[in-house]
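Report on one structure; see the data block that follows.
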Amino acid sequence: MTGHIHEECGVFGIFAPEACDVASTAYYALFALQHRGQESAGIVVNSDGVFSSYKDAGLVNDVFTADILKKLGEGEMAIGHVRYSTTGASGRENAQPVVVNHLKGNMALAHNGNLVNSYELRSELENEGSIFHTTSDTEVIAYTITKERVKRASIEEAVLAAMDKIKGAYSLVVMSPSKLIAVRDPHGFRPLCYGQREDGAYVVASESCALNAIGAKLIREVEPGEVLIFTEDGIVSNRDHCGREKKLCVFEYFYIARPDSEIDGVSVHDARRRAGMLLAEQYKIDADVVVGVPDSGLDAALGFSEASGIPYGIGIIKNKYIGRTFIAPGQRAREDRVRIKLNVLISAVKGKRVVLIDDSIVRGTTCGKIVRLLREAGAAEVHMLSSAPPFLNPCYYGTDIDSRENLIACHHTVEEIAKIIGADSLGYLDVNNIPRLTESGNAGFCTACFDGNYPTQIPTATRKNRFERPRSENPKYQKKTDGE
């Protein structure tokens, strides 16, 4: 756990009418999705049923050089992935997409989300003889689909059968020698959309910003529970698993998604701006300037300014060459990176009463550091507001909040937290205001991390690295006591 919420993963797929440079298209799309995952990246290209793949730890532009993209070659299809780990360690071995060769051909799969029954499924598969090469739940999904594929007539039938077994959050792109398949779980926890380029190629992505980056026009979101099959004959939609209550992760709007994306018909920028306006309804603060924490706090700060009449100011400058703070290993390195990443514009805050708005408060570490920077720059007062409600519960659907232990709101009152972070006052968005983030007021959000209302069963094994057990925790290697 770090001062901010960790990102999700990003997935992408393209189905072109004829062979073209799909590797470069996937590269540019993944670059647009880089904010969703910065630990590893991978691309698999399908040329006449033959798969070529490359993946490694690192950022997209570090993993893929011009020579590597050239070696991947042209093809009719490709899928890609950028990863932040929510199950399994970060490293090359857990990079995606996952490629499986089976007796009926081959398959590649990229996954965004987190299963709640991955431990049980993996145990079952291992008891049946499956050998796992990674510690992520994505391989569990791939093997579950493969198990169904060897006894069914088509890859889409295998995917539909696997959906009866896998539980939790998953947005998938699956590639066979002749088909590209987009899958969204029945609750729609994670976003997934598709569009089309002028050349006729269909594309699937976690966010619409990736479609914009490659010149594709958004058609619509993949519906919760829907399976879209792209073939030479066109698109087929299967809705056998549709009908459950939609539960999109609300943190896509607060923090994860890019502000220029549109998710489920709602502009991310507009939702964040509304969050700021709702905060202005809740809190009447006498202040001189409203400042947002870059990047995801800026839109909420703008909305607060518009609703309150307090001038909006650019009070914090972000070094855009520094990645998001959670990448730094260790608390000391993370704190140093906050100072390197963010710098206060002294003339904008000196001697002023500042309303500081960020997307969330997890541990209080990062916001405490930022409050201190404002104090050092001469701010007379600092009133901290969070455009998200307080985090009180773990998330089991892919956002990396796996324990109440590190959530500051679980152990301190609002007044105590304000004192801990050094703010004059502190406020959170009321959880009852979440439906108002959209114009309709009825978007269907998962708010379990705030209110504990989980849409699915709670997993029995919740540790992030639950498939990686140290020898000291294995009963086989534990020392026996006297008398045993």
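Brief remarks on what is shown
- Residue-level check: of (1) at pLDDT below 95; (2) crowded, with 21+ Cβ neighbours inside 10 Å, Ala169 misses just (1).
- The set of residues from the stretch 398-430 being open to solvent by 50 Å² or more (accessible area, probe 1.4 Å), modelled with pLDDT of 95 or more and part of a helix (DSSP H, G or I) comprises Val414, Glu415, Glu416, Lys419, Ile420.
- Of the strands (runs of 3 or more DSSP E) lying entirely inside the stretch 171-216, the ones with 2 or more residues being free of Cβ contacts under 8 Å to residues at least 40 places away in the same chain are found at 193-196.
- Flag for Pro435 being out of contact with any Leu (no Cβ under 8 Å at 6 or more places or on another chain) and part of a helix (DSSP H, G or I): yes
- Test: residue in the stretch 228-239 that is more than 14 Å from Ile14 (Cβ to Cβ), free of Cβ contacts under 8 Å to residues at least 24 places away in the same chain and open to solvent by less than 50 Å² (accessible area, probe 1.4 Å): yes
- Residue match in the stretch 107-121 (condition: open to solvent by 20 Å² or more (accessible area, probe 1.4 Å), among the hydroxyl-bearing types (Ser, Thr, Tyr) and modelled with pLDDT under 95): yes
- Summed over the stretch 275-311, the residues that are over 20 Å from Phe391 (Cα atoms), open to solvent by 10 Å² or more (accessible area, probe 1.4 Å) and in a helix (DSSP H, G or I) give a count of 9.
- Search result, residues across the stretch 370-427 that are of a type in the set (Val, Ile, Thr) and more than 19 Å from Gln282 (Cα to Cα): Ile370, Val371, Thr399, Ile401, Ile408, Ile420, Ile421
- Conditions (1) modelled with pLDDT of 95 or more; (2) under 30 Å from Ser206 (Cβ atoms); (3) open to solvent by 50 Å² or more (accessible area, probe 1.4 Å): number failed by Asn433: (3)
- Residue in the stretch 88-102 that is open to solvent by 10 Å² or more (accessible area, probe 1.4 Å), among the polar types (S, T, N, Q), farther than 23 Å from Asp21 by Cα and touching a residue at least 24 places away in the same chain (Cβ under 8 Å) present: yes
- Residues that are out of contact with any strand residue (DSSP E or B) (no Cβ under 9 Å at 6 or more places or on another chain) and acidic (Asp, Glu) within the stretch 21-70 comprise just one, Asp67.
The values are calculated or read from the model by the stated rules, or taken from the named source; none is laboratory data. The structure displayed is predicted, hence computed values, not measured ones. Cβ sites come from the backbone with ideal geometry, for glycine too, and all protein chains shown count toward neighbours. Please note that ligands, DNA and RNA were not included when accessible areas were found on the heavy atoms of the full protein model with its side chains. Shrake-Rupley method; radii C 1.70, N 1.55, O 1.52, S 1.80 Å.
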